[in-house]
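Structure, as structure tokens:
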Amino acid sequence: MTSLATKFTGLEFVNPFILASAPPTESKRKILKAFDAGWGGVVTKTIGLHPVENVAGPKTIYQRTSEEKPYVSRMKRPDTVSHSSWNWELISDQPLEQWLPDLKDIKEAYPDRMVIASIMAGAGSEEEMDNWRKLATSCVEVGCDALELNLSCPHMDRKDMGAHVANDQEIIRSILKAVTEVVDVPIWVKLTPATSTLVDAARAAYEAGGSCISLCNTFPSLPLMDPETLKFEAEVDGLVTSGGQGGLAILHQALLRVSDISKAFPDKEISGIGGIRGFREAFNFIVHGAGNLQICTAAMEEKGSGGVGVKLIEELKTDLVEYLERHGHDSIEAFRGIARERIVEHSQVRRKSDDYNGGYLEPTAAE
Ligand SMILES: Cc1cc2nc3c(=O)[nH]c(=O)nc-3n(C[C@H](O)[C@H](O)[C@H](O)COP(=O)(O)O)c2cc1C
């Protein structure tokens, strides 16, 4: 029988599909249900040490579109399909002290599934580095297989956290130094896609000891306003702020970011995230170099699954096995990264005539 077992960042996954850090992994109950359903691993909802209080309204909305009048809205209408999620949920409000026994129990119940603890603290002071150290050591002590550093949540209040850190290389290096000094497990680094310095940030993370880049977190964005009610589809007292878009609508942008990193660091590991709903999207991340796939919105949206994607993981596994068998492949390694060299500069793509000179009248000095 074809095996979906995958080695990634030195860890053995029973299959490459894992639930991303988000509501599907926010509690012991949900994580156990996810493992029951067959997920190869989870990245826990991000655990921190600072006070967390979410907005006084819905934290997440699911936006849908339809063939007839194909506008995007959370509004319930017949015959719609998923377009994206939008959320402004903060990191976990469950304290570390409660997470630790839960993580231990989860790992004991499912020793063959990978538990990656997502953690987040601030930046710019030794006190914050101590917070990273504390989070890292406590999660590893209770059996977590790896850590994912959340440097990418697009809507934290504090300016020294999440995407506000804006892929600052010095901050990335300082956090990785703090964490790698105290633990000896693979460190995954989840960066924000919303900067022009993503590749430099990835370099800093890999050089400072990061085992993989996890990409993408949600993209900073606004919810839509209803033309009739003049309400935003998510708001509190008429106000809204930048939140994060996930789901199918971010797939193409996420693939470009993954491809950028994969081309710059072809030998390094990438965990692909953003808009995966089934095998075809997962396949696209793999051909750009991802060796592991994380899923959030599609799992949350699956009705009757308690928000953990019970049918989804079954389908992902079945479709991947079917593809591998039909093509005579042993594992995803057979097609991982095959698109890498086919992503080129615009100027490298053939034109209809031979005399086009890349937008210049005459050949440039460099030619
Ligand atoms: C409601 C919600 C909460 C999330 N919370 C976190 C979080 O705590 N930490 C984190 O790293 N990412 C968080 N994410 C981002 C997801 O892990 C994932 O990167 C993103 O949703 C893109 O994947 P998707 O297109 O499969 O949804 C959250 C996403 C959603 C929708």
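Yes or no: region 21-37 includes at least one residue that is touching a residue at least 60 places away in the same chain (Cβ under 8 Å) and under 21 Å from K268 (Cα atoms). No: zero hits.
Scoring D200 on the criteria (1) surrounded by fewer than 23 Cβ atoms within 10 Å (Cβ to Cβ); (2) charged (D, E, K, R); (3) in contact with a Ser or Thr (Cβ under 8 Å, 6 or more places away or on another chain) leaves a single failure, condition (3). What's the number of the only condition in (1) touching a residue at least 60 places away in the same chain (Cβ under 8 Å); (2) within 16 Å of the ligand (Cβ to nearest atom); (3) farther than 25 Å from A299 by Cβ; (4) crowded, with 16+ Cβ neighbours inside 10 Å that N131 fails to meet? So N131 meets the others, but not (2). Would you check if there is a residue in region 179-197 being under 19 Å from W88 (Cα atoms), buried (at least 19 other Cβ atoms within 10 Å of the Cβ) and away from the ligand (no atom under 15 Å from the Cβ)? No, region 179-197 contains no residue that is under 19 Å from W88 (Cα atoms), buried (at least 19 other Cβ atoms within 10 Å of the Cβ) and away from the ligand (no atom under 15 Å from the Cβ). The residue list E89, E53, E68 contains one member that is loosely packed, with under 13 Cβ neighbours inside 10 Å and in contact (Cβ under 8 Å) with a residue 24 or more places away in the chain, which is E53.
Applying the criterion of being touching a strand residue (DSSP E or B) at 6+ places or on another chain (Cβ under 7 Å) and β-branched (V, I, T) to the residues of region 310-343, the residue that is farthest from the ligand (Cβ to nearest atom) is I332.
Laboratory data are not the source of any read-out in this text; all were calculated from the coordinates shown. Remember, predicted model here, so these are calculated numbers, not experimental data. Counting neighbours? That spans all protein chains shown, and the Cβs are built from the backbone with ideal geometry, glycine included.
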